[in-house]
Amino acid sequence: MSRSQRVDSTGFNSLFREALSRWQEEVVQLDLVDPVTTEMVRLRCAEHHDCHT
Amino acid sequence: MRESTSDFFERVLGGRTRVVKELGNIHDLAWEVTDKEILGLCKLRIAMILGCESEAKSMGKQLNSLKVSDLSQWPTSNHFSDLEKSCLRFTEEFIIDVASIPDDSAFAIRDDLGDEGFVNFVNALLVIEQRMRLLIVWQKMFEGVTV
């Protein structure tokens, strides 16, 4: 199993890509969880998902 | 009549209207950029694995009844195409351990749908999965009922 990028993850439907970015931006701006915890969770998820963005 | 998942999210998220809007937007687009029948099968399989009865019931009504009844035995069923089986295999691996998906599972879909189609499918799957996990957790938190 490879943990490197299998395909270019930016080359997909542009409307969908932009909408996902807006969704993520809105989520990280929620203020019920403190910023440090939010960032720790975000980084942990990114690592687990092999997210390079 | 059961409250729709979208209405439930809107009620839970309250005045956070921009989050509600973007959550609805990515969900709509997930269905637009992928084959609806394949994504529907994958959504139903996710609901079965995560134990989300409301979504499983709702999705089961919208799909081919032969496929629905065979879905938990899809590897040996002859009701599914090769692409459907590849997508279901990827879906199960994605739900159970997203960090350990074998290359073969990914490449089987990529070889059929192309790079763009594959990435669309994976992102659509992510949206469906996250939405269902949110539904399960929030229903338990805010409703105290089975999902």
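Derivation of every value follows stated rules applied to the coordinates shown; laboratory data play no part. This one's a predicted model, so the numbers in the text were calculated from it and none came from an experiment. All Cβ positions, even for glycine, are placed from backbone atoms using ideal geometry, and neighbour counts span all protein chains on display.
A few points about this structure:
- Considering only B:Pro102, B:Ile136, A:Gly11, and ranking their Cα positions along the charge dipole of the protein assembly as shown that arises from unit charges at the beta-carbon of Lys, Arg, Asp and Glu, the one farthest toward the positive end is B:Ile136.
- The distance separating the Cα centre of segment B:95-112 from that of segment A:1-49 comes to 19 Å.
- Net charge, B:Thr76 excluded, C-beta distance under 13 Å - Lys, Arg +1, Asp, Glu -1: +1
- Degrees, to the nearest 10: A:14-28 long Cα axis against longest axis of chain A: 30
- B:Glu55 sits among other residues whose Cβ lies under 15 Å from its own Cβ, and their net charge, with Lys and Arg +1 and Asp and Glu -1, is +3.
- Here B:Arg11 and B:Asp70 are evaluated by their C-beta separation; at R0 = 41 Å the FRET efficiency comes out at 0.70.
- Estimated FRET transfer efficiency (B:His79, B:Glu53; beta-carbon r; R0 22 Å; 0.05): 0.45
- At least 15 Å along the helix axis (C-alpha) and Kyte average at least 0.5, DSSP helices within chain B: B:36-50
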